[in-house]
Amino acid sequence: MALIKTTNPNPTVTKKNYGQDNVEKIEREVESIDEIYDVAVVKGKEATLVVYKVKHMQRFRMKQIEKDLTKKLEEKYPKEQFTVSSDYKIFLEAVRLVERKDNGNLSDKQAEKRLNEIVKMTSDMK
């Protein structure tokens, strides 16, 4: 059931001056794709993590969706360094990071460190 439920976390930045407006635009951009129904965006100092859930009938096309999304984001935001993933474990970690940051349980420095750990996990999985 958790794979179907939409959590729709707020787009988050690890530090206030990293560009909250840009993060919200990125989230709207990703949500506009029909095959995707839930998105989490976390922007840090260097990396921007974009994780999403794919609709069930589109799961056969996950690699293509990820490739197209990455290309679209890199064209629209050339100065950003994106890490894009549809892995559910990475999605959960990103949502936990957003929740802990919003609740004030994480400092900016801790949030940045955790974001870098999550980004490293995605590269280790590929």
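The values are calculated or read from the model by the stated rules, or taken from the named source; none is laboratory data. Keep in mind the model is a prediction, meaning the values are calculated, not measured. The area values use the complete protein model at the heavy-atom level, side chains included, leaving out ligands, DNA and RNA. Shrake-Rupley method; radii C 1.70, N 1.55, O 1.52, S 1.80 Å.
The table below gives the values:
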| item | result |
| --- | --- |
| Radius ratio Rg over Rh of region 1-102, counting only Cα atoms, Kirkwood formula for Rh | 0.94 |
| Principal-axis tilt of helix 108-125 within the chain, Cα atoms, nearest 10 degrees | 30 |
| Hydrodynamic radius (Kirkwood) for region 43-126, which is based on Cα pairs only, to one decimal in Å | 13.6 |
| Expected 222 nm ellipticity per residue - DSSP helices of 4 or more, -39500 (n - 2.57), all of the chain, to 500 | -15500 deg cm²/dmol |
| Extension gain (nm, one decimal) between Glu99 and Met57, 0.36 nm per residue minus Cα-Cα | 12.2 nm |
| Extension reserve of the Lys67-Lys89 stretch, reckoned as 0.36 nm per residue once the Cα distance is removed | 6.0 nm |
| With DNA, RNA and ligands ignored, accessible area of Tyr88 (1.4 Å probe; Å², nearest 10) | 70 |
